[in-house]
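One structure is given here, and the rest of the page talks about it.
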Amino acid sequence: MADSPKLSEPPGDANEGRADDEGRVRWRRFAVLTVPAIAVTAGLGIALAQGALAASFAVSGQQFKVSATSLEGEGFAQYGSVDVNAREELIPVAVTAIKEAKLHSLCQSVVTTLPLIGDISLNLTAGQKAPVEASNLFVDATQLSGDAVFTNIEIGRDASTLDKGPTEAVGMQDLFAQQADTVTISDLHQTAWATNAGTFKLSGLNMNISKGKKECF
(Lines give C-alpha, C1' and ligand atoms only; values in the text may rest on other atoms or scores of the structure.)
Protein backbone atom coordinates (compact mmCIF):
# COMPACT_ATOMS: atom_id res chain seq x y z
CA MET A 1 0.00 0.00 0.00
CA ALA A 2 1.34 3.46 -0.93
CA ASP A 3 2.17 5.90 1.81
CA SER A 4 -0.55 8.37 2.69
CA PRO A 5 -0.22 11.82 1.08
CA LYS A 6 1.81 14.23 3.15
CA LEU A 7 0.43 17.58 4.17
CA SER A 8 2.22 20.53 2.61
CA GLU A 9 2.77 23.55 4.82
CA PRO A 10 -0.59 25.33 4.88
CA PRO A 11 -0.93 28.84 6.24
CA GLY A 12 -2.54 29.36 9.62
CA ASP A 13 -1.87 29.29 13.33
CA ALA A 14 -2.21 26.60 15.95
CA ASN A 15 -5.96 27.18 16.18
CA GLU A 16 -6.68 25.22 13.03
CA GLY A 17 -9.76 23.55 14.48
CA ARG A 18 -11.88 26.70 14.41
CA ALA A 19 -14.62 26.80 11.81
CA ASP A 20 -16.08 30.21 12.61
CA ASP A 21 -13.56 32.06 10.41
CA GLU A 22 -14.60 30.16 7.29
CA GLY A 23 -15.56 31.68 3.92
CA ARG A 24 -17.15 35.11 3.79
CA VAL A 25 -19.09 37.05 1.16
CA ARG A 26 -18.51 40.75 0.60
CA TRP A 27 -21.32 41.91 -1.64
CA ARG A 28 -19.43 44.84 -3.12
CA ARG A 29 -16.23 42.89 -3.61
CA PHE A 30 -16.54 39.11 -3.49
CA ALA A 31 -13.31 37.35 -2.59
CA VAL A 32 -12.11 33.89 -1.63
CA LEU A 33 -8.55 34.05 -0.33
CA THR A 34 -8.10 30.56 1.06
CA VAL A 35 -10.04 27.58 2.33
CA PRO A 36 -10.75 27.14 6.03
CA ALA A 37 -7.96 25.74 8.14
CA ILE A 38 -10.29 22.94 9.18
CA ALA A 39 -9.80 21.46 5.70
CA VAL A 40 -6.41 20.15 6.81
CA THR A 41 -7.28 18.84 10.25
CA ALA A 42 -7.58 15.25 11.40
CA GLY A 43 -10.91 14.84 9.64
CA LEU A 44 -9.09 15.22 6.34
CA GLY A 45 -7.41 11.87 6.79
CA ILE A 46 -10.80 10.19 6.76
CA ALA A 47 -11.79 12.02 3.60
CA LEU A 48 -8.57 10.99 1.87
CA ALA A 49 -9.20 7.38 2.76
CA GLN A 50 -12.58 7.75 1.07
CA GLY A 51 -11.04 9.37 -2.01
CA ALA A 52 -12.45 12.85 -1.29
CA LEU A 53 -9.88 14.83 -3.27
CA ALA A 54 -10.84 17.88 -5.32
CA ALA A 55 -9.01 17.20 -8.60
CA SER A 56 -9.05 13.76 -10.21
CA PHE A 57 -5.37 14.07 -11.14
CA ALA A 58 -2.06 15.07 -9.57
CA VAL A 59 -1.73 18.82 -9.98
CA SER A 60 1.46 20.46 -11.21
CA GLY A 61 3.76 22.53 -9.06
CA GLN A 62 2.55 25.75 -10.68
CA GLN A 63 -0.58 27.77 -10.15
CA PHE A 64 -2.13 29.60 -13.10
CA LYS A 65 -4.13 32.79 -13.37
CA VAL A 66 -7.53 33.22 -15.02
CA SER A 67 -9.45 36.40 -15.70
CA ALA A 68 -12.69 37.28 -17.49
CA THR A 69 -14.67 40.46 -17.94
CA SER A 70 -17.70 38.55 -16.70
CA LEU A 71 -18.90 35.09 -15.69
CA GLU A 72 -22.54 34.00 -15.70
CA GLY A 73 -23.40 30.70 -14.05
CA GLU A 74 -26.36 28.52 -13.18
CA GLY A 75 -26.07 26.08 -10.29
CA PHE A 76 -23.28 27.47 -8.08
CA ALA A 77 -21.56 25.70 -5.17
CA GLN A 78 -18.39 26.44 -3.22
CA TYR A 79 -16.60 24.47 -0.50
CA GLY A 80 -13.16 23.63 0.87
CA SER A 81 -11.18 20.60 -0.29
CA VAL A 82 -7.62 19.55 -1.15
CA ASP A 83 -5.60 18.78 -4.27
CA VAL A 84 -2.59 16.46 -4.28
CA ASN A 85 0.59 16.89 -6.33
CA ALA A 86 3.02 14.33 -7.74
CA ARG A 87 4.99 14.43 -4.47
CA GLU A 88 1.81 13.38 -2.65
CA GLU A 89 1.64 16.70 -0.83
CA LEU A 90 -1.80 18.01 0.03
CA ILE A 91 -2.77 21.50 -1.12
CA PRO A 92 -5.81 23.26 0.42
CA VAL A 93 -8.15 24.75 -2.19
CA ALA A 94 -11.53 26.42 -2.45
CA VAL A 95 -13.59 24.53 -5.02
CA THR A 96 -15.97 26.62 -7.10
CA ALA A 97 -18.40 24.42 -9.03
CA ILE A 98 -20.94 25.60 -11.62
CA LYS A 99 -23.40 23.51 -13.63
CA GLU A 100 -23.48 25.81 -16.65
CA ALA A 101 -21.10 28.76 -17.08
CA LYS A 102 -20.43 31.44 -19.69
CA LEU A 103 -17.26 33.54 -19.58
CA HIS A 104 -16.56 36.63 -21.65
CA SER A 105 -13.02 37.66 -22.68
CA LEU A 106 -11.32 34.74 -20.97
CA CYS A 107 -7.58 34.91 -20.29
CA GLN A 108 -5.41 32.16 -18.81
CA SER A 109 -1.70 32.51 -18.08
CA VAL A 110 1.11 30.58 -16.46
CA VAL A 111 4.74 31.67 -16.08
CA THR A 112 7.61 29.17 -15.96
CA THR A 113 11.18 30.09 -15.07
CA LEU A 114 13.74 28.01 -16.97
CA PRO A 115 17.52 27.84 -16.43
CA LEU A 116 19.51 30.07 -18.83
CA ILE A 117 16.32 31.25 -20.54
CA GLY A 118 14.47 32.95 -17.71
CA ASP A 119 10.72 33.53 -17.59
CA ILE A 120 8.52 31.91 -20.23
CA SER A 121 4.82 32.84 -20.41
CA LEU A 122 2.06 30.65 -21.82
CA ASN A 123 -1.08 32.66 -22.57
CA LEU A 124 -4.50 31.54 -23.74
CA THR A 125 -7.39 33.81 -24.71
CA ALA A 126 -10.92 33.06 -25.93
CA GLY A 127 -14.46 34.38 -25.82
CA GLN A 128 -13.77 37.84 -27.21
CA LYS A 129 -16.99 37.68 -29.27
CA ALA A 130 -19.04 34.57 -28.48
CA PRO A 131 -18.60 33.57 -24.82
CA VAL A 132 -16.66 30.57 -23.60
CA GLU A 133 -19.14 27.90 -22.47
CA ALA A 134 -18.52 25.22 -19.84
CA SER A 135 -20.66 22.56 -18.22
CA ASN A 136 -19.97 20.89 -14.87
CA LEU A 137 -17.11 23.33 -14.27
CA PHE A 138 -14.86 22.84 -11.23
CA VAL A 139 -12.09 25.31 -10.35
CA ASP A 140 -9.70 24.51 -7.48
CA ALA A 141 -8.62 28.01 -6.50
CA THR A 142 -6.57 29.73 -3.83
CA GLN A 143 -7.77 33.22 -4.71
CA LEU A 144 -10.87 34.61 -6.42
CA SER A 145 -12.13 38.18 -6.64
CA GLY A 146 -14.70 40.21 -8.54
CA ASP A 147 -18.04 41.97 -8.18
CA ALA A 148 -20.67 39.28 -7.63
CA VAL A 149 -24.44 38.93 -7.61
CA PHE A 150 -26.12 35.73 -6.36
CA THR A 151 -29.74 34.59 -6.42
CA ASN A 152 -31.18 32.46 -3.62
CA ILE A 153 -27.81 32.06 -1.93
CA GLU A 154 -27.32 29.79 1.07
CA ILE A 155 -24.26 30.60 3.20
CA GLY A 156 -23.00 28.21 5.86
CA ARG A 157 -24.60 25.05 4.50
CA ASP A 158 -22.99 21.70 5.36
CA ALA A 159 -20.71 20.85 2.44
CA SER A 160 -21.94 17.26 2.31
CA THR A 161 -25.53 18.38 1.61
CA LEU A 162 -24.95 20.69 -1.38
CA ASP A 163 -27.53 20.19 -4.13
CA LYS A 164 -27.54 23.25 -6.40
CA GLY A 165 -24.23 22.74 -8.20
CA PRO A 166 -23.04 19.81 -10.33
CA THR A 167 -23.91 16.36 -9.00
CA GLU A 168 -20.32 15.73 -7.86
CA ALA A 169 -20.07 19.11 -6.09
CA VAL A 170 -20.19 17.97 -2.47
CA GLY A 171 -17.62 18.30 0.29
CA MET A 172 -16.91 16.74 3.66
CA GLN A 173 -19.55 16.56 6.36
CA ASP A 174 -19.52 19.46 8.87
CA LEU A 175 -17.45 21.71 6.59
CA PHE A 176 -18.64 25.19 5.61
CA ALA A 177 -20.08 25.65 2.12
CA GLN A 178 -22.28 28.01 0.17
CA GLN A 179 -24.49 27.63 -2.89
CA ALA A 180 -26.84 29.65 -5.08
CA ASP A 181 -29.23 29.22 -7.99
CA THR A 182 -27.26 31.66 -10.15
CA VAL A 183 -24.08 33.72 -9.94
CA THR A 184 -22.76 36.65 -11.97
CA ILE A 185 -19.22 37.88 -11.42
CA SER A 186 -17.77 40.85 -13.27
CA ASP A 187 -14.05 41.68 -13.40
CA LEU A 188 -13.22 38.09 -12.43
CA HIS A 189 -9.67 37.34 -11.25
CA GLN A 190 -8.64 33.98 -9.84
CA THR A 191 -5.53 31.94 -9.13
CA ALA A 192 -5.94 28.18 -9.31
CA TRP A 193 -4.22 24.81 -9.19
CA ALA A 194 -6.67 22.91 -11.39
CA THR A 195 -9.77 23.17 -13.58
CA ASN A 196 -12.12 20.34 -14.58
CA ALA A 197 -15.10 20.54 -16.91
CA GLY A 198 -17.49 18.09 -18.53
CA THR A 199 -17.42 20.20 -21.69
CA PHE A 200 -15.38 23.34 -22.43
CA LYS A 201 -16.17 25.31 -25.61
CA LEU A 202 -13.62 28.04 -26.35
CA SER A 203 -14.73 30.34 -29.16
CA GLY A 204 -11.92 32.27 -30.85
CA LEU A 205 -9.19 30.34 -29.05
CA ASN A 206 -5.70 31.79 -29.28
CA MET A 207 -2.64 30.41 -27.50
CA ASN A 208 0.92 31.69 -27.58
CA ILE A 209 4.19 31.31 -25.71
CA SER A 210 6.70 34.12 -25.26
CA LYS A 211 9.72 35.14 -23.25
CA GLY A 212 9.18 37.31 -20.22
CA LYS A 213 6.47 37.55 -17.59
CA LYS A 214 3.07 38.23 -19.19
CA GLU A 215 0.17 37.38 -16.90
CA CYS A 216 -3.57 37.98 -17.16
CA PHE A 217 -3.40 40.22 -14.09
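The values are calculated or read from the model by the stated rules, or taken from the named source; none is laboratory data. These figures come from a predicted structure and were not determined experimentally. Ideal geometry is used to build each Cβ from the backbone, glycine not excepted, and the neighbour counts take in all protein chains shown.
Couple of notes before you dig in:
- Subset tally (residues that are at pLDDT below 95, within 25 Å of ALA58 (Cβ to Cβ) and among the hydrophobic types (A, V, I, L, M, F, W, C)) for the range 92-120: 1
- All positions within the range 54-68 that are in a strand (DSSP E or B) and exposed (fewer than 15 other Cβ atoms within 10 Å of the Cβ): none
- Residue under evaluation ALA169, criteria (1) surrounded by fewer than 20 Cβ atoms within 10 Å (Cβ to Cβ); (2) assigned to a loop (DSSP other than H, G, I, E, B), criterion not met: (1)
- If you go through the range 178-217 and pick out every residue that is closer than 16 Å to LYS99 by Cα, assigned to a strand (DSSP E or B) and not acidic (Asp, Glu), you end up with 12.
- Extreme residue, farthest from the chain's Cα centre (by Cα), among residues of the range 88-116 that are over 19 Å from GLN190 (Cβ atoms) and of a type in the set (D, E, K, R): GLU88
- Within the range 173-217, being surrounded by fewer than 22 Cβ atoms within 10 Å (Cβ to Cβ) and in contact with a helix residue (DSSP H, G or I) (Cβ under 6 Å, 6 or more places away or on another chain) holds for one residue alone: GLN173.
- Checked against (1) in contact with a Lys or Arg (Cβ under 9 Å, 6 or more places away or on another chain); (2) closer than 20 Å to SER81 by Cβ, LEU175 meets all criteria but (1).
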